[in-house]
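Taking it in order: structure first as structure tokens, then the write-up.
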Amino acid sequence: MASATASISSHSVSLRDLKAARVGAVKQQVAAVPASAAARSQRARAVSPLRAAEPARQPVSASAASAPAAPVAEETAAAAPAPAVDYDALAQELQGASPLEIMDRALALFGSDIAIAFSGAEDVALIEYAKLTGRAFRVFSLDTGRLNPETYQLFDKVEKHYGIHIEYTFPDAGEVQELVRAKGLFSFYEDGHQECCRVRKVRPLRRALRGLRAWITGQRKDQSPGTRASIPVVQVDPSFEGLDGGAGSLIKWNPVANVEGKDVWTFLRTMDVPVNALHAQGYVSIGCEPCTRPVLPGQHEREGRWWWEDAKAKECGLHKGNIDKEGQAGHKAGGVNGGNGTAGAGVPDIFQSQAVVSLTRAGVENLLRLENRAEPWLVVLYAPWCPFCQAMEASYVELAEKLAGGGSSSSSGVKVAKFRADGDQKAFAQAELQLQSFPTILLFPSRTARPIKYPSERRDVDSLLAFVNSLK
């Protein structure tokens with residue numbers, strides 16, 4: 001396996017930086033980084049590198065320019081163990097803290113035994129927060145070999161902008177070769193993305209984390225409400241091991257867990273940092289090139305990832321320990337109660353409007369049997385926990401109310417309905433209603449027995465209305 005040098009970038013930027021004041025004042029917990037080479041050397045102590053050490057690029061800062069370059073330390077002794085901390089209590093303490101405060105605490109506790117995981121997307125905010133603390137920090141990234149050219153270009157821009165050296169980690173060449181020779185370059189379109197992600201992402205990450213005692217991620221609760229809703233700002237990593245090995249040997253920090261995506265982007269624009277050019281093309285969540293695409297109006301940001309799979313499968317495995325397993329179990333068990341289409345316990349229903357008819361299974365079966373219907377029916381097959389169903393709720397309800405109010409004379413008489421198709425009803429929906437993923441939209445024309453599946457990912461009112469008018 002090839003991997004990059006463990007290098008530590010020190011910055012002399014103080015929390016009193018003028019730009020930092022624009023995104024909210026925080027308590028200044030540390031002083032600016034000392035300018036002397038001896039002080040920097042003390043903070044940037046030796047760590048276990050991802051491979052043999054080599055000279056790192058010097059940071060672009062006034063102190064670095066004036067001081068002689070410190071030699072790369074040889075690995076002569078094990079780093080001091082992390083202090084004993086109750087991380088559940090610390091998570092509660094920091095629940096209302098700003099990302100900058102959380103980042104500062106993480107770097108203060110772990111020094112050079114912690115690194116920021118950078119994917120080449122909006123998580124560049126993490127690097128900016130780290131710079132603003134004035135502390136030394138490390139950045140690593142997983143190069144899967146399938147990233148977009150724009151992502152590689154961003155890596156280069158970020159290194160130059162911050163004067164750092166990103167520590168790249170690569171998949172095992174033999175494992176990639178074996179997978180591609182056995183299944184081809186695009187097997188994930190046929191049997192799911194998990195196997196490819198294990199080879200190209202999860203296993204390389206596992207190897208990289210074994211050289212650390214903590215890592216920092218850009219996970220947010222609003223990225224995937226069905227799987228990431230319970231992310232704490234700091235936790236004992238439930239999935240991976242750190243430098244000391246064994247359960248509990250790695251700490252995971254999520255400084256932006258409680259921040260909404262729009263606020264992250266406000267911060268990025270305010271601080272004028274480099275971002276991935278793909279964001280301007282409609283990409284929100286960015287991963288490997290074959291598995292990432294722009295999102296459309298009415299779609300959740302994670303719908304641009306692995307779009308051919310069910311909503312619950314939209315995780316690559318890097319953060320599987322944060323998946324809300326209790327919620328997932330509830331989604332699987334919370335089938336339609338008595339066939340009446342109501343949400344299971346604790347899961348609020350969606351598409352709540354008098355203009356949207358809630359169909360039972362018996363009602364759907366009747367629609368399937370009729371060859372001559374009095375009026376056409378538009379039916380969404382949904383699961384209330386699905387973030388992509390939630391994302392289209394407003395447009396679907398607006399369409400239903402528009403049709404019910406006679407807002408479109410050409411579409412008058414069209415009934416708009418919903419059918420909860422998860423849980424006990426999923427097998428039926430897959431066999432009889434062409435369900436592959438949520439949401440699925442069907443039109444039951446007035447004079448055709450078989451329902452017609454809406455083929456587009458565009459779920460705005462105008463697109464749905466055009467579909468109805470062309471086939472009703």
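Accessible surface area normalised per residue over segment 93-229 is 34 Å², counting heavy atoms of protein chains with a 1.4 Å rolling probe.
Note on segment 98-175: with neighbouring protein chains present and a 1.4 Å probe, carbon and sulfur make up 53 percent of its accessible heavy-atom surface. In plain terms, the chain from Y152 to D86 could stretch by 19.9 nm, reckoned as 0.36 nm per residue minus the Cα-Cα distance.
Each label was represented as a point 7 Å from its Cα along the Cα-to-Cβ direction; for E195 and D172 these points are 1.6 nm apart.
Sparsely packed loop sites in segment 130-173 (the chymotrypsin sites (Phe, Trp or Tyr not before Pro) outside DSSP H, G, I, E and B with at most 14 other Cβ atoms within 10 Å) do not occur. Here is the list for segment 184-277: chymotrypsin sites (Phe, Trp or Tyr not before Pro) lying in DSSP coil, each with at most 16 other C-beta atoms within 10 angstrom of its C-beta, are F186. Assuming charge only on the beta carbon of Lys and Arg (+1) and of Asp and Glu (-1), the dipole of segment 192-295 about its Cα centre is about 280 debye to the nearest 20. Highest mean packing comes first when the peptides 254-260, 361-367 are listed by Cβ atoms within 10 Å, giving 254-260, 361-367. Give a quick list of chymotrypsin sites (Phe, Trp or Tyr not before Pro) in segment 87-136 that DSSP marks as loop, anything other than H, G, I, E or B, with at most 10 other Cβ atoms within 10 Å. Loop-located and lightly packed - none at all.
Cross-linked pairs K415/K453; K131/K221; K160/K262: Cα-Cα separations exceed 18 Å for K131/K221; K160/K262.
In order along segment 147-158, phi translates into HN-Hα couplings of 7, 5, x, 5, 5, 5, 5, 5, 3, 5, 5, 5 Hz, rounded to whole numbers, per the Karplus curve 6.51 cos²θ - 1.76 cosθ + 1.60 with θ = phi - 60° and x for Gly and Pro. On full extension, the segment bounded by N469 and K183 gains 98.7 nm, given 0.36 nm per residue less the C-alpha separation.
The values are calculated or read from the model by the stated rules, or taken from the named source; none is laboratory data. What you see is a predicted model; the values in this text were computed from it and never measured. Quick reminder, even Gly has a Cβ in these numbers, built from the backbone with ideal geometry, and neighbours come from all protein chains shown. Surface accessibility is based on the protein's heavy atoms, side chains included, excluding ligands, DNA and RNA. Shrake-Rupley method; radii C 1.70, N 1.55, O 1.52, S 1.80 Å.
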